[in-house]
Structure formats: structure tokens, C-alpha cells
Amino acid sequence: MARFRLKDSVEYYLALSDQPKRFDADSPVTNVFFDDSNGQVFTVRSGGVTGVTVNGMDESKSTSFRMEDRGPIISIKFSPDLKILAIQRNQDNQNATVEFVNFKDLAPTNVEYSHTCKWKNAKILGFVWPKVNEITFITDHGIELLQVLPEKKQLKSLKNTSFSCAWFSWCSQSNIVLLAGNNGVLLQPFSLNNSTITKLQKLELDASRPVVERDVFILRLCDATWCAVFRHAHSATVTAPGPTEVWLMPITGPSGFHYTHVLKTGLVGRFAVNVVDDLVVVHHQASQTSQLFDIMEESRPESGVVIHIPCVAGLSMQPARLGDLHCPMYSDTWVVFQPDYIIDARLGCLWRVKLVPEGLAHSVPKDEIAKIVAVLLRRTDGKDTIYRIVNQLVTEAGSYLVQLSQVFDEINSVYRKWAELEMARNTAGQALEAARPPHNFRVLVSQPDMCSHVLQHHADDQYLVQVVTAYIASLCRHDMVVQQAAAEVTVRALVTRGAAGRLRAALRRGALGDARPLACALLSLGHMDPAAAQLALDMLWRLRGYEEVVEVLLSWNEPVGAVGAAKQAGNAWLALAPRKLLAAARAVAEARGEPTAFTAVYHALLNRNERTRGSPHFLKGEQCDSYVEYYKQITAEPQ
Amino acid sequence: MINSLRNSTFYTMIDVKAKINSFFIFNSSFGPREGDELQRILFYHPSQTSADAQKMQVGLCEAVVKFMSTFSSEPCEALQTQTKRYIFYQPEKGYWMVLVVRIPYTTKALSAIGESRGAADIINPSVMYDLLKSAYKMFRMFRGPFKNYPIEEIYTICDQFYTPYISSRNLSNDITDVIQGINYLPLDKNSFFKVLCFIDLLEVNYPHFKCISFIYNEQLIWNGLSTPDMLTLYQYLVQSLLPKQVEKEIQGGAVAAAQRHGRFIHPPEGIHSQADLQKLVKVHLMREDDKETKQYYLVVYRTMSATVCFTVDENVDLQFEMFRSLDAFIGPQLSAIASTISEQCTLHALHTAQLAASEHKFVYFNRLNLAFKTSPTLNKLHPSTAIKPEVLSIIASIHSDKQSLGNYGEIIIKTPDEYWITGKSSNEREFYVIIQEKNANLKEIADEVRRICEAQMKGIFFYPM
């Protein structure tokens, strides 16, 4: 299968952020912690005595300070407003306690306090900050939500829930914590929003295949929260285990996401997951590749499960550089955090993973171009790459006409869905929204966009006529009205390329909607192409442009026809200035030697005067005296 | 023996269909000297006519044409004698085509039997003129202009072409002969684009092939020729090539499966080998985007009821592989399109059946795209016998005489036997309504015509309604 290659595109579709955030590497005297809620790396030297450095991707969240070494640290995290630092230490034979230090302007104050969880014999597995001044302890006995009162150096219990738990997973974007019970067979999510603990629908897994902590993540994807579980094949019983799948099970989110999505990696080994621009990135260490999955792609659920394969063939991330050196990629020392963090603890680097949209089109099988465009339509920065793809397809339309047509269909179908939703929202209010599966409309390519970014740049292309036809055909297939911009481009392309017959055929079939500018463009073609003028007149008539029709007929020296048309239009007839009609009629009568052309118009006007004013005579202001004279002259009995 | 038998059937056909007395082509410059008169006659039908009779007829025409040229710079068009009507057409300088029809001149005895029955049976001069014109254009399409042929070839060429042409020409006094137009298929825009995108894809992939016409049944969907040539090709397809094909399809039930996938029908035996390419016919046509007539190979492909015509530049080195690949490309796609169109047609037929059928007849003609539509069926198998010859004759004269209607005009004619014929023209379109109503008055007729107009001319500018 031939491949489409986007010109001047980079090979990679994923890259690490250009400048990693540097921190002191992990060492015997240094401990490194990462808080994915605030995106901060804590480097604790000698238990804090020689200093704690906090680095965030956001420079304003970086700081450094010293503190006493009161024992090995298990977890260290700032509250969301960076005003309270919470520290959990490994203190054997003591109650489950978390220490707090109030901070001011990212510097510690001497206000310190601590709190012990309510279950006496419990072991704190970790703590999270669901919101400012609220902390949740996750213990093996259950979870406890507490309010922190920093001024009073106190914590007040808000809510607690008992649950026998071995480990947990936390999603700071949705404030959902997932507790693993029953040896990893039962996964129980809780929402920590609204200062309370809400038990959510539990996720039950196959009892024969319990999951372990490193295989479970909570992801925020497409405005929904998912539990991602790596399902490895039964390696115990089968000598050659099958490939690993990632199961995405919905926890909460808008309705419409109620299927489990299964991502087929086709690989075995060690994996990690990121989410970038609503794409699931599955990193695979052994092959040093990262696969992309788009759960919004069109696919049919089968028995409640939607199966996905990677959008593009797996590829490495773009090699990152550190100064002049290449960083080792997919290294053993990498730790991956949600949504898009990668830490190399040994090098002391913090990166974010980013999507390189053009890389998706770097090399695509010919028949998958439309699929890639569909993927790009759902990406924040997809638009530019889409324009580049379409432009290249148009230039090479000789080999890509079918694919171009499919791409137009993808673009227009997204636009159409968006327009429908907008319309529903405007007419029926928000109520409708819940009933439909959510769509994200990251990229919308309107007709003016397509014209100004693509079609207008191809005036000299060999297959412009075919391209424009394919575009209009696609608009029609999606039941979209061809707007003025597209109609203009179409008319220009078809007329300048000697395809006026095609234009007329399309007009006759109603492919281009009626519009005054279009009618005018056709009229102006009339001197070379009478059939275009015929269609223009039809169109003006449908648009009720009666005055224009009258003007056109007068300009074609058809005064009698003009009067007839005006009469049918009603008001247009009453408003017509008599002098203009009479002048045109006289000109025609004299040029063709047909005095009846004048008398017919003249009589019609007299009738009109009679009806509207009760008298057949013209008003002085109408300045028709010379025509009255002319009438007498041509109707006079020969002497 | 066999020869005479064939001739006799041939005769009856012509005689039944029309009152054609003779048809001939001459050029005075071919035998300028006395005694060479026979050389001036390029073609004479019927061929059994004695040489002397031929010479006399042609001599008369030469004289008339010459004589008339002293009065007008315009070439002579017609001559009428008591028994015959001659129509002249000079398509190229010096070449004259003449059609002669007999006039059943009225004797007292005849007029006593029926009222001027004879007059109604004469073919209208404008119809005859159009007949000559299409006879020439058909020749020109397949053979090119007369002047291209040296004198030693032209007799054979004309004989080869016109003898079968005349015998196959199915001439009846029908509305389709009075107004020569094209029957377009009403098709929704999406199906139309399906056809168009198919053509585009084909032309892009097979740049030597240019689609000049796409016909479904006998209705045109797509045309890639200049307007005058479009009519000639359409007539060739609909009047000559397709009826033969359809007949073949009906007879050969076994080949039905093969037809589904489509095949080349021009040359009629199909293209199965490199040798078959020799049978491809060349045509002289002007494509829509061209400024001049050029010579092309004509290729016609058919699947189910869809027929596609292509031109291939005569300089292209034809290879059988090209045609085989084209066949593989078109076959499946075209049959899919044909089924879509067939569905559309069924829907459309249902839709029109629901519309209250008017008992009155109408004829629509668009001068610019030659679109032609009538209320009775266009099918030649059921000739529109309801339109009486007198009425046809009146329509023919309104149609041929542009002055009578003008660009924007209306005319109502009442025949002695209670036919009301309304002709209208507006925005380059013509519309005729035939109403048979004994006790109607002018206003009632005008109202009825307006009603029919409104129903039939919806969405177009047609004044006066």
C-alpha cells in the first residue's frame, strides 16, 4: 500500500517538553518525591536538614527551604494553595500521623502541628489534598476527610468511610480516589468533592485475575474519569503469554461514556500510561515505543465493550536532549505520572509529554489518511496539520482524489454535528445535551476556512475542478448549505477551467444554494454563457428579487417582459418608475421597428395609473411628457 | 431475388413512416461539364431511381438554387410544387442536401371525403429541415466534413453511411421529431454528484479517457460535449445504438450476469483482445471545453441501464491492457451507481404518479440545454397518438418561427376541431399546452394554462405564467 507522507513533517508524533525541569538526582543522601496534583518535585537532602527544593513546571511554584530531620519521609505534598505542607513519615510503633507546616509566600513559618487518623491501629497508605484546606487520609481501614484550620493548628474531621484497603490510586483532576480491596479483585472509587465522601459504583474484576497496584491508574479523559487497568495475559499458565490490553472502565463522566474501552497493544512487557490531548499514550519499555489510542474514534461497541487499536503504528518519542547530550529514552529510571509527566529520577529531569500533530501524518497508509484527519479533528492543535494535509492532497489530487473526498467527509461531518448541537442548544436549551454522547469539537473547519486556507491556494492546480466538485459533493452529502465563500470559489474554479457546463449542471440539480451574490456572479457570466444568465434569472426569481429581475430584463432590451415580471411580483410593479420603462420601451421599439413594444408598455402604465390614482395620466413629477408625445406620434392615423 | 426482397421491405418501411420521395446530396462543381451530371450526385435515395430521373431532379434543384442566389445572399431553403415539397440544406459550401416529400394534393373527390386530410399528413418544412441537419451532423460526427474526402472516395463514403442511416431512421410524425431535444434524468444532487465524482475519478486515473456522456436508460445525466454535438451523439445513442443493445439484452438471457458487470458496447462486439481495438470507430466531436472539432475514438460502456461514452484522442497508442483495466475499474462502480439511480428513479416515479395527472398535454423545451419534456410518454413504442398531426404542425411552426413568440411572448391558437394550442416563451424556454375543450373561452384556457405552468415550472423564472 502506498503511503502518504506529509511534506516537511517531523517523524515523531510525541515529544518531551523542550526544556526539562532539572532537580538534584536521587542519591543516598537525597530523596525525590513527586506530587502530581501540583506538578511539583520535592528534593529532600539529608532528611531536609541541608535543604528541601521544590521544583514545578510552573516557575512560580518553585521554592526551597530547610527543615528538621524527624525520620524518613514517605510522602510530602503542598496543599493546592501552597500554604500548608503536609509530611508523612515512616515512624514505626507510632500512631498514624501526618505533620503539617504552615507556609507563607512559599516560605515555612514556625507554625507546625500534626494529626493522627481516627483508627488507632490503622496504617496510613497516603494522603491527598482534594481542595484548599481539606485533606484526606487513606488508610488500610478506610478513608477520612478532614478540614484543616491552619490558624488554629487543628484538623476537624468532616467525614469518614470504613473500607479495608490494600493500596489506592488518586486522580487530582477529578478528586476521585480508588481503593483496592479484596486483594485487588474489588476496586472501589470514592469521590472527594463537595467536602464529602461519595461512594461510587464499584468496579468488579475477574476474581481469578486480581490486579496489582502498578497496573491501575485513574485517568481523566474526554471529560470523564476512567479506571485504566493493564490486563496481562495469564502468564502463569501459558508459556507464551498473549499481548497486554489496557481496559478503560468508566467511573464518572457525561452520559454516553458507559462502555468499557479495550486498547489492544499487541505487546508484552512493562508499560506506562499518559494522557495527552485526550489521547491515551501507552509507553512500552522493551520496544521503546509509545502507542496512541483515541477512544473517540468511531467504533461499534460489541457486548458493552469497544475495542481500539493504535491510531498509528507505534513509534518512539522524539529523542530528548539535555544540552548537547541525548537523554536515554524509555530508561529504567523513568517514572510516569498522570496526566503527562515523565520523571527521570537519576538524571534529575521532569518533562511533560506533548503531542506533535504533524508527526501523525508523517507516513500514513493511503487508505488511512481520512482516519488520521479524524484523529486530528479531535486534537487541540490539529487544525494547522489538517490544512497542510488537505493542501498536499489537493496538489496531488491525481493520486488522492478518493482520499481527499473522504477527508472532506470527515471534516464536514464534524462540522455538521457541531452545527446540529448548537442548533439544539439554542432551541431546546441544555436538556438535550445530556441525551447525546459527548463530542469534543477541538477543530472545526468551516467553509470559509476551507476556502481561505486551502482552495484559494490552488488556482493553478491541475485538478482544481475535480477537487472543488469533491468538496461541494461532500457538503451536499452532509446536507449542508453551500455558503457564499465556497460558492464563489466553485464558480471561479469551474468557469476559469472551462467547466461551465458542470457548474450549470450542478446548479440545475440544486447543489449550490440560491443566493444573490451567486445569482449576480452568474449574470455577469451571461455575456459569454447565456445558459448561466438563464439560471441566474431563475435564481433571482426564487429569491424574490423582483426588482433585480426587472432590471435585468430591461438591460436585455425586454421591456415588455420586464413589465410582465413586475406585474406578477405585485409591489414591484407599483413602485417602478414609469420613465425608465418608457425609455427602454422606446429604445427597443425604434431599434427593432416594433412600435407595439412601446404601446404595450405605455398601456400597461396607463392602466396602473388608473388603478392607483383613478386617472390614467402621468404625474408631472414623473416627467413622461416626451413619451406621451411619442405615443401620439406612433399611434396617429396616417394622414 | 434476395436483393429485391430486401428492397421491398425497405420500401414499405419508408413509405409507411413518411412520405419521403427522395433524398439526395449533390455538388455542382464535381461534374461541371455537360454529360458529367451524374458525377455531381454524391448520393441518391432511392438508389433504384433511373439515372435520368436522378439527373432531372438534381438539375431542377441546381437551377432553383442558382436562380435564387440572384435574389438573396441567403441560400435557398425550400421549393414547393403542386405534388412535391423540396427542402434544401447547404451544410458546406457547394454541398447541397435535398429532401423531397410528396404532397398528396387535394382533388375535389378527396376533399369531399375528409376535410383537407392530406394537408395534415405533410411533414412540416421545419421538421424536414431539422431532419436534413441531423442527417448531416450524424455524417459529420462519424465521417467528418464532406470536403475532407477526395472526389474518388466521396460516393462510396456517402453510400456506406447514408444507406443504412436512412433505413434505420425511424421517422414518425411525432413530437420528438418536431422539437429535437434531450431527455434529462431528474436526479437529486447527491446521486448526481455520485455520477460526477465517478467520472472525475475515472478521468484522473485514466487520463486518456474523457467521459462525454452518461446516460441512464434513454435519459441524459452528464454531458461533456458542446451543445450541438451533444444532441447528435444523444440521438445516435438513443435512436440507434441503445435500441439495438436493449434488443440484444432481451434476447440473450444467459448473458445477464455478464451485463451486471458491464461491457464495452461500442464497438458492438465488445473489446476482448488487442485485435478488437481495430474496430473502434473514430468520431469528429467538439468537447465542451474545446474550441474546435477534433477526431477521437469513440468508446461506449454499459452496465445494467447506465451507458457511459468516452472519447480517446486519436493519437493515443491504444493498448488492450488499458481497456481491460478500465473495464475492471468501471464495472463494479458503475453497477453500484446504476442501482442508486434506479432507486432514485423508482422514488421519482412514485412521486410523479402521486401528482394529479393533467388530462392536458404539454411540451417543454429549453433552448439552451435542449432539455425536452412532454406529458405523454416519450417512448417510441407508445407514440403520442393523442397529439394530432394538425396540432403537431402548429407547434412545429411556432417552434421554428422564433419571431412568432419572441423571447418573451405567448400565443393561443384555436383549431376548427376544438383544440386550443398555447405556446409561451420566456427566459429561453418554450412551453406548449394542448387542450381539447369544446366549450371553453379564451379566459378559461388562459387560466388552465397558468395552472399547468405553475405546476410544471415551479422554481424557474417563467413569465408570463
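The values are calculated or read from the model by the stated rules, or taken from the named source; none is laboratory data. A quick note: this is a predicted structure, and the numbers were derived from the prediction, not measured. Ideal geometry is used to build each Cβ from the backbone, glycine not excepted, and the neighbour counts take in all protein chains shown.
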- In the list B:Leu370, B:Leu326, B:Leu318, B:Leu378, which residue meets the criterion of being modelled with pLDDT of 85 or more and not assigned by TED's automatic domain parsing to the domain that holds B:Asn217? B:Leu370
- Message: For the range A:535-583, give me each residue that is closer than 22 Å to B:Arg450 by Cβ and aromatic (Phe, Trp, Tyr).
- Response: A:Trp541, A:Tyr546, A:Trp573
- Message: Any residue at all in the range A:290-297 that's under 28 Å from A:Leu347 (Cβ atoms), of a type outside the set (D, E, K, R), crowded, with 19+ Cβ neighbours inside 10 Å and without any contact (Cβ under 8 Å) to a residue 40 or more places away in the chain?
- Response: yes
- Message: within 22 Å of the chain's Cα centre (by Cα), away from every other protein chain (no Cβ under 11 Å) and among the acidic types (Asp, Glu): which single residue out of B:Glu418, B:Glu448, B:Glu430, B:Glu444 fits that description?
- Response: B:Glu430
- Query: Do we find a residue being modelled with pLDDT of 90 or more, surrounded by fewer than 22 Cβ atoms within 10 Å (Cβ to Cβ) and of a type outside the set (D, E, K, R) anywhere in the range A:429-437?
  - Reply: no
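Against the definition (assigned by TED's automatic domain parsing to the domain that holds A:Ser474, touching a helix residue (DSSP H, G or I) at 6+ places or on another chain (Cβ under 6 Å) and either part of a helix (DSSP H, G or I) or touching a residue at least 24 places away in the same chain (Cβ under 8 Å) (or both)), how does A:Val375 come out, yes or no? Walk me through how you get there before you give the answer.
On the way: assigned by TED's automatic domain parsing to the domain that holds A:Ser474: yes; touching a helix residue (DSSP H, G or I) at 6+ places or on another chain (Cβ under 6 Å): no; either part of a helix (DSSP H, G or I) or touching a residue at least 24 places away in the same chain (Cβ under 8 Å) (or both): yes.
Answer is no for this residue.
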- Item | Contacts under 6 angstrom Cβ, first residue in the range B:410-435 being outside the structural domain of B:Leu370 (by TED's automatic domain parsing) and closer than 10 Å to B:Ile398 by Cα, partner polar (S, T, N, Q) and at pLDDT 90 or above, 6 or more apart | none
- Query: Mind checking which residues of the range A:391-411 are touching a residue at least 12 places away in the same chain (Cβ under 8 Å) and at the interface with another protein chain (Cβ under 10 Å from one of its Cβ atoms)?
  - Reply: A:Ala397, A:Gly398, A:Ser399, A:Tyr400, A:Leu401, A:Ser405
- Note on the structure: Restricting the range A:265-311 to residues that are in a loop (DSSP other than H, G, I, E, B) and hydroxyl-bearing (Ser, Thr, Tyr), the one farthest from the chain's Cα centre (by Cα) turns out to be A:Ser287
- Set B:Thr227, B:Thr232: member being in contact (Cβ under 8 Å) with a residue 40 or more places away in the chain, out of contact with any strand residue (DSSP E or B) (no Cβ under 6 Å at 6 or more places or on another chain), facing chain A (nearest Cβ under 9 Å) and farther than 30 Å from A:Thr395 by Cβ: B:Thr227
- Item | Subset of the range A:450-467 that is in contact (Cβ under 8 Å) with a residue 40 or more places away in the chain and more than 14 Å from every other protein chain (Cβ to nearest Cβ) - its residue that is surrounded by the fewest Cβ atoms within 10 Å (Cβ to Cβ) | A:His457
- Total residues in the range B:424-451, condition outside any strand (DSSP E or B) and of a type outside the set (S, T, N, Q): 14
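With the condition kept exactly as written, say whether any residue in the range B:257-276 is among the hydrophobic types (A, V, I, L, M, F, W, C), touching a Leu at 6+ places or on another chain (Cβ under 8 Å) and surrounded by 13 or more Cβ atoms within 10 Å (Cβ to Cβ). Step through it out loud before you land on a result.
Within the range B:257-276, the subset among the hydrophobic types (A, V, I, L, M, F, W, C) is B:257-258, B:264-265, B:271, B:275.
With the extra rule that they be touching a Leu at 6+ places or on another chain (Cβ under 8 Å), the set shrinks to B:265, B:271.
Adding the requirement that they be surrounded by 13 or more Cβ atoms within 10 Å (Cβ to Cβ) leaves B:265, B:271.
Yes - at least one qualifying residue is present in the range B:257-276.
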- Checking A:Val445, A:Val489, A:Val454 in turn, the sole residue that is assigned by TED's automatic domain parsing to the domain that holds A:Gln392 and within 26 Å of A:Ala531 (Cα to Cα) turns out to be A:Val489
- From the list A:Ser162, A:Ser157, A:Ser114, which residue is closer than 27 Å to A:Glu213 by Cα and not aromatic (Phe, Trp, Tyr)? A:Ser162
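Among the residues of the range B:171-194, count how many are facing another protein chain (nearest Cβ under 10 Å) and either under 23 Å from B:Arg287 (Cα atoms) or over 25 Å from the mean Cα position of the chain (by Cα) (or both).
So the count comes out to 8.
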- One residue from B:Glu218, B:Glu203 being among the acidic types (Asp, Glu), under 19 Å from the mean Cα position of the chain (by Cα) and in the same structural domain as B:Phe310 (by TED's automatic domain parsing): B:Glu218
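Could you please find all residues in the range A:468-486 being polar (S, T, N, Q) and more than 9 Å from chain B (Cβ to nearest Cβ)?
A:Gln483, A:Gln484
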- Message: Condition first: outside any helix (DSSP H, G or I), touching a residue at least 40 places away in the same chain (Cβ under 8 Å) and either within 14 Å of chain A (Cβ to nearest Cβ) or not hydrophobic (A, V, I, L, M, F, W, C) (or both). Can you find one or more residues in the range B:158-170 that meet it?
- Response: yes
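Here's the yes/no breakdown for (1) surrounded by 20 or more Cβ atoms within 10 Å (Cβ to Cβ); (2) out of contact with any Cys (no Cβ under 7 Å at 6 or more places or on another chain); (3) of a type outside the set (Phe, Trp, Tyr):
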| position | (1), (2), (3) |
| --- | --- |
| A:Thr333 | no, yes, yes |
| A:Lys383 | no, yes, yes |
| A:Tyr387 | no, yes, no |
| A:Gln403 | yes, yes, yes |
- Note on the structure: Residue pairs within 6 Å by beta carbon, gap of at least six or interchain, first lying in the range B:195-222 and within 8 Å of chain A (Cβ to nearest Cβ), second assigned to a strand (DSSP E or B), listed first then second, are B:Trp222/B:Phe214
- Note on the structure: Just one listed residue, out of A:Glu298, A:Glu358, is among the acidic types (Asp, Glu) and over 25 Å from A:Met57 (Cβ atoms), and it is A:Glu298
- Task: Would you mind listing the helices (runs of 4 or more DSSP H) fully within the range A:493-612 where at least 2 residues are within 11 Å of chain B (Cβ to nearest Cβ), in contact with a Leu (Cβ under 9 Å, 6 or more places away or on another chain) and surrounded by 17 or more Cβ atoms within 10 Å (Cβ to Cβ)?
- Result: A:500-508, A:530-542, A:546-555, A:559-569
- Can A:Leu325 be described as crowded, with 17+ Cβ neighbours inside 10 Å and either farther than 25 Å from A:Trp226 by Cα or small (Gly, Ala, Ser) (or both)? no
- Message: Just checking, does the range A:71-80 include any residue being farther than 21 Å from A:Gln154 by Cα and outside any loop (DSSP other than H, G, I, E, B)?
- Response: yes
- Message: For the structure I just gave you, tell me whether A:Glu213 is touching a strand residue (DSSP E or B) at 6+ places or on another chain (Cβ under 7 Å), of a type outside the set (A, V, I, L, M, F, W, C) and under 15 Å from A:Gln338 (Cβ atoms).
- Response: yes
